[in-house]
1. When Gly101 is evaluated against the numbered criteria (1) of a type outside the set (Phe, Trp, Tyr); (2) part of a strand (DSSP E or B); (3) crowded, with 18+ Cβ neighbours inside 10 Å, which criterion, by number, is the only one it fails?
2. It is to be established whether one or more residues within the range 92-115 are closer than 18 Å to Tyr34 by Cβ and free of Cβ contacts under 8 Å to residues at least 12 places away in the same chain.
3. Which of the strands (runs of 3 or more DSSP E) found entirely inside the range 1-96 contain at least 3 residues meeting this: under 16 Å from the mean Cα position of the chain (by Cα)?
4. Report, by residue number, each residue of the range 104-150 that is farther than 14 Å from Thr72 by Cα, part of a strand (DSSP E or B) and out of contact with any helix residue (DSSP H, G or I) (no Cβ under 8 Å at 6 or more places or on another chain).
5. Can you name the number of the only condition in (1) closer than 23 Å to Thr140 by Cβ; (2) open to solvent by 30 Å² or more (accessible area, probe 1.4 Å) that Tyr34 fails?
6. Mind listing whichever residues of the range 75-98 are open to solvent by 50 Å² or more (accessible area, probe 1.4 Å) and over 17 Å from Phe5 (Cβ atoms)?
7. Got at least one residue in the range 136-148 being in contact (Cβ under 8 Å) with a residue 12 or more places away in the chain, under 17 Å from His6 (Cα atoms) and open to solvent by 30 Å² or more (accessible area, probe 1.4 Å)?
8. Test Gly53 against the criterion of being of a type in the set (Gly, Ala, Ser), in contact (Cβ under 8 Å) with a residue 40 or more places away in the chain and open to solvent by 60 Å² or more (accessible area, probe 1.4 Å), and give yes or no.
Amino acid sequence: MILFFHQHLEPNTKLIEGRLLLIDTAANSIKNIYIATSGQANYQSSGALATRGKGPIPPVTDIGIPSYTVDTIPLYMPDVRGVEGNFHKINPHMVQIEGVGRGDFGIHFDANVPGSSGCVVLRTTKGWQAFQEDMKNLATVGLQQIPLLVSYAR
């Protein structure tokens, strides 16, 4: 199993939505598709990848790692603005892009102002509930982390 996040990067005053896919690599099939985004409106461009707190999560090709990993068991963060619930941590904790440290990424529900500070956020309640169930099922069979690939159309 792997997660694959993809969205367009372009200067835009409106929030750009992408897709997060859960792929069963053994069966060569897509198990689920979730509406997701990363970054904030006005900061979803290639030039904003190194912008802390506003730009999208950097793609793995730009930071020199084969993939991120996502914890299937969430942290509960009810008091963190924008998360306000479960948070599936993305590893590594910190990455370098263009000499700038970015980090504290996770996958969570888009609970506040639309968009994120770099996390991958799921935009619909139905999608978030399905993602939570999928992660719970993976954790139940002993999978503690799942690879995450991040790709952008530029």
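1. All conditions are met except number (3).
2. Within the range 92-115 (the criterion being closer than 18 Å to Tyr34 by Cβ and free of Cβ contacts under 8 Å to residues at least 12 places away in the same chain), the answer is no, since none of the residues qualifies.
3. On the way: elements: 2-8, 18-24, 29-38, 68-71, 75-77, 85-91.
Result: 2-8, 18-24, 29-38, 68-71, 85-91.
4. Across the range 104-150, the qualifying residues are Val120, Val121.
5. Just one mismatch for Tyr34, condition (2).
6. Once the filter is applied, which keeps residues that are open to solvent by 50 Å² or more (accessible area, probe 1.4 Å) and over 17 Å from Phe5 (Cβ atoms), the range 75-98 yields Leu75, Tyr76, Met77, Pro78, Asp79, Val80, Arg81, Glu84, His93, Met94, Gln96, Glu98.
7. Our first condition is that a residue be in contact (Cβ under 8 Å) with a residue 12 or more places away in the chain; within the range 136-148, this holds for 136, 138-139, 143-148.
Checking which are under 17 Å from His6 (Cα atoms) leaves us with 146-148.
Narrowing the set further to residues that are open to solvent by 30 Å² or more (accessible area, probe 1.4 Å) leaves 147.
So far as the range 136-148 goes, yes, one or more of its residues are in contact (Cβ under 8 Å) with a residue 12 or more places away in the chain, under 17 Å from His6 (Cα atoms) and open to solvent by 30 Å² or more (accessible area, probe 1.4 Å).
8. no
The values are calculated or read from the model by the stated rules, or taken from the named source; none is laboratory data. Everything quoted here is computed from the prediction, not taken from an experiment. Don't worry about glycine lacking a Cβ; one is built from the backbone with ideal geometry, like all the others, and counts go over all protein chains shown. To get the accessible areas, we keep the full protein, side chains included, count just its heavy atoms, and leave off ligands, DNA and RNA. Shrake-Rupley method; radii C 1.70, N 1.55, O 1.52, S 1.80 Å.
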